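Here's the structure we're looking at; comments come further down.
The values are calculated or read from the model by the stated rules, or taken from the named source; none is laboratory data. All of these numbers come straight from a predicted model, not from anything done at the bench. All Cβ positions, glycine included, derive from the backbone under ideal geometry; neighbour counts span all protein chains shown. When the accessible area is computed, the model is the full protein with side chains, heavy atoms only, and any ligands, DNA or RNA have been set aside. Shrake-Rupley method; radii C 1.70, N 1.55, O 1.52, S 1.80 Å.
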Amino acid sequence: MGWKSTELRYGSLSIGIHWLTALLILGVYVFIELQSWFPKGSDTRALMKTWHFQLGLTVFFITLVRIAVRVMGPTPRIIPEIPAWQHWLSKAVQLALYAGMVLLPFAGWMMLSAAGKPVPFFGLELPHLIGENSDLAGQIKETHELIGKVGMFVIGLHTVAALYHHYFMHDNTLLRMLPERKDS
Ligand code: HEM
Ligand code: HEM
């Protein structure tokens, strides 16, 4: 399997990025949930938040590369062909996923900037994007949390659709996104 996508299957680069990002996003949600289990002001709670920020920012940077890869290469065909409405629905869901992977971390970065808080990134501290403004920080926080929750449903829909295609439609939707098996 080559690193580039073809008309028949996703390349190893797209597959690697897809599953790495899915794992990172799982971590992003797990850490923001876990932090609420620890007392306010505790070091553990702060550490969990730091991991939420760092993994989220990693998703942001990887997604910028990913969009370039996506725009440059073909999207492998689904065989047998799917109805037009499923095609457009899947495009809409994928667009929403891309939008979330860029806008959510960006909003998080803006939120910490507006709150005047550090933006940690694996030992580095990223620059503030805007000046301090606590009202704005509060507004971005509400939007970030709302989109974050909607994101869980969109991911759920995407996952159920992939499994439905594999187990009920018996097409190659999911197989195209999995590493190629030697015997196939
Ligand atoms: C894929 C990326 C991200 C997703 C899916 C995501 C999702 C979420 C979710 C679901 C919440 C909690 C909502 C709630 O408890 O009601 C949250 C809170 C938060 N997120 Fe993110 N986030 C992402 C990236 C980031 C980044 C990159 C930053 C900062 C650099 C960030 C900063 C925050 C902050 C400050 C909170 C509020 C934490 C608190 O309660 O104090 N997020 N995020
Ligand atoms: C956080 C979790 C996930 C995110 C953010 C995500 C995001 C994406 C995105 C943006 C694409 C479009 C790829 C392209 O540009 O062509 C995609 C494709 C795909 N994803 Fe996911 N995904 C996630 C989890 C999953 C899971 C759990 C499964 C399977 C159980 C899955 C199965 C697929 C499949 C089969 C495709 C190819 C669909 C097609 O080409 O029409 N994804 N995913």
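Output the pairs from 4/141; 117/149; 4/49; 49/149 with a Cα-Cα distance over 28 Å in this structure; if there are none, say none.
4/141; 4/49
Based on Cβ point charges of +1 for Lys and Arg and -1 for Asp and Glu, what charge dipole magnitude is obtained for the chain about its Cα centre, in debye rounded to the nearest 20?
Approximately 300 debye in magnitude.
If R₀ is 22 angstrom, what is the calculated FRET efficiency for the pair residue 91 and residue 145, using the beta carbon separation as r and rounding to 0.05?
For R0 = 22 Å, the calculated efficiency reads 0.25.
What does the charge add up to near residue 10, with Lys and Arg as +1, Asp and Glu as -1, over the other residues with Cβ less than 13 Å from its Cβ?
+4
I'd like the accessible area for residue 166, computed on protein heavy atoms only with a 1.4 Å probe and all protein chains in place. Round to 10 Å², please.
Taking all protein chains as shown, residue 166 has close to 40 Å².
Could you work out the equivalent-ellipsoid semi-axes for the range 1-127, taking the square root of 5 times each eigenvalue of the Cα gyration tensor, largest first, in whole Å?
On the way: eigenvalues 231, 46, 37 Å².
For the range 1-127, the ellipsoid semi-axes come out as 34, 15, 14 Å.
Assuming R0 = 41 Å, what is the FRET efficiency of residue 26 and residue 132, from their Cβ-Cβ distance, to the nearest 0.05?
On the way: r = 32 Å, r/R0 = 0.79.
For R0 = 41 Å, the calculated efficiency reads 0.80.
Return the loop-located chymotrypsin sites (Phe, Trp or Tyr not before Pro) in the range 114-183 (DSSP other than H, G, I, E, B) with at most 15 other Cβ atoms within 10 Å of their own Cβ; answer none if there are none.
Filter output for the range 114-183: 122.
Heavy-atom accessible area of residue 125 with all protein chains present, probe 1.4 Å, nearest 10 Å²?
140
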